[in-house]
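Only one structure is covered here, and it is reproduced in the block below.
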Amino acid sequence: MIFLIGAFTVLHVLFYLKLTVGWSRIGVMKENNESFIPFTVIIPVRNEADTIDAILNRLNEQEYPKDFFEVIVVDDFSEDQTVTIAKKTMESLSISIRLIQLKDEARQGKKHALTAAVKEASFETILTTDADCWFGKEWIKSFNDAFESDTNMVAGPVVIEGQGFFARLQQVEFAGLMGFGAVTITEENPSMCSGANLGFRKKAFEEVGGYTNNLFTPSGDDEFLLFNIMQKFPNSARFLKSEKAIVNTPAHAKFYSFINQRTRWTSKWKHNMNRKVRISAILFFLDYLTFYGAIGLAIAGYLDTVPLALVIIVRFLSLLIYVSPINSFLKGKSSFWPLLFFQIIYPLHVLFMGFNSIFGSYTWKGRKYG
């Protein structure tokens with residue numbers, strides 16, 4: 001067992017060191033586009049009465065020529081006052097906003113909403129975000145600097161915001177995931193991105209068939225599109241490493257809602273066509289399974305605790321070295337204590353989510369999925 005945990009630890013450390021180097025090599029985006037690209041900003045909504053007014057006002061405050069962007073709010077059968085509030089807010093703002101409502105109940109969900117909005121978009125370059133997000137006044141401008149003539153997709157940074165230690169745990173975890181996505185996009189081996197902060201060309205979306213291959217898979221609108229575009233158009237995607245591009249999204253206040261979201265995220269793994277990503281997920285599962293097995297044997301007295309303690313320290317340090325600069329870029333607080341706590345609970349979280357992604361169910365926007 002000590003040989004097995006040692007082998008997995010070496011792979012574990014090398015993996016995080018590779019990501020650390022990869023993150024450091026991604027250059028910070030500079031202002032390099034003197035002209036203005038016209039954008040269509042798409043916001044898919046369902047039951048967002050509490051947040052739709054705020055995000056539309058933030059878009060109205062963008063320091064970007066108002067003639068060079070439009071906003072499409074696409075409603076996915078909201079059951080609250082989202083549409084009413086959106087219409088009222090639209091009347092008071094000076095930017096171009098259109099409201100689209102899905103009509104066919106056989107075609108509902110975020111992917112159908114995005115597909116409908118892309119079809120109606122007036123401009124070639126699309127930006128997507130979520131109604132519960134917020135960002136700075138130069139958000140659109142940062143994407144203007146990122147899109148070059150040969151760019152088909154740009155993934156932006158997302159940070160989880162909230163108060164308390166549970167929120168910090170979520171922030172640090174997502175910082176690590178975001179860094180992983182950024183490095184793999186840069187290395188032409190896409191793994192993940194977030195639809196809360198994403199840009200792509202309408203033509204590229206249409207040429208890969210949009211979400212045709214996974215239209216009725218509830219989650220994965222961002223990652224599947226990323227993989228399809230990068231597969232068809234190599235070297236045309238990039239990660240937007242810029243503080244101006246950061247999009248904030250709220251942390252979960254309750255543990256149940258956190259698990260529910262992570263179940264939704266991990267449920268798409270079995271549909272992921274990137275073989276390297278699937279292999280990585282399996283290796284992580286086996287790594288943490290071995291890790292807990294070693295701890296169990298040590299508690300039972302069958303394994304020396306000294307080498308196991310060294311293994312735990314080395315694993316922790318490699319994770320700290322990787323996540324700290326990403327968390328710092330996202331303006332997060334110290335990563336030390338959240339990551340130290342993660343060292344204990346995260347393996348269990350990974351194992352649980354591995355099983356739950358296959359056998360579990362989740363709810364999303366009032367709909368239940370198995």
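Taking 28 Å as the straight-line reach from the Cα of K254, the lysines in range (excluding those fewer than 8 positions away in the same chain) are K110, K111, K268, K270, K331, K333, K365, K368. Length gained on full extension, V10 to K333, computed as 0.36 nm times the residue gap minus the Cα-Cα distance: 113.4 nm. When you work out D = kT/(6 pi eta Rh) for segment 217-339 at 37 °C and 0.692 mPa s, using the Kirkwood radius from C-alpha pairs as Rh and the Stokes-Einstein form, the result is 180 µm²/s. A simple packing score, the average count of other Cβ atoms within 10 Å per residue, orders the peptides 192-204, 27-39 as 192-204, 27-39, with the highest score first.
Between F68, F359, F147, the residue with the greatest mean-square fluctuation in the GNM of the chain (Cα pairs under 10 Å linked by springs) is F359.
With springs only between Cα atoms under 10 Å apart, run a GNM on the chain and tell me which of Y211, Y16, Y256 wobbles the most. Looking only at Y211, Y16, Y256, the largest GNM fluctuation is found for Y256. How high is the relative contact order of segment 29-261, given as a whole-number percent (alpha carbon pairs under 8 Å, six or more residues apart)? Once divided by the residue count of segment 29-261, the mean separation gives 25 percent. By the rule of a C-alpha distance below 17 Å, with chain neighbours fewer than 8 residues away ignored, the aspartates and glutamates paired with K137 are E31, D53, E61, E63, D67, E70, D145, E243. When the Gaussian network model of the chain links Cα atoms closer than 10 Å, the mean-square fluctuations of S219, S122, S94 top out at S94. The K119 and K232 beta-carbon pair, evaluated with R₀ = 25 Å, returns a calculated FRET efficiency of approximately 0.80.
Between Y302 and I321, the distance separating the two model label sites (each 7 Å from Cα on the Cα→Cβ line) works out to 3.3 nm. Stretching the chain fully between K103 and F341 yields a gain of 81.0 nm (0.36 nm per residue, less the alpha carbon separation). Taking Cβ atoms as reference points and 11 Å as the exclusive limit, the residues near K119 contribute a net charge of -1, counting Lys and Arg as +1 and Asp and Glu as -1. Remark: spin-label model distance E206-R275 equals 3.3 nm, labels positioned 7 Å along the Cα→Cβ axis. A simple spin-label model places pseudo-atoms 7 Å from Cα toward Cβ; at S94 and H349 they are separated by 4.4 nm. Counting only lysines at least 8 places from K88 when in the same chain, those with an alpha carbon closer than 22 Å to its own are K66, K103.
Since every read-out is calculated from the coordinates, none of them should be taken as a lab result. Bear in mind the structure is a predicted one, so any value in this text is a computation, not a measurement. Cβ sites come from the backbone with ideal geometry, for glycine too, and all protein chains shown count toward neighbours.
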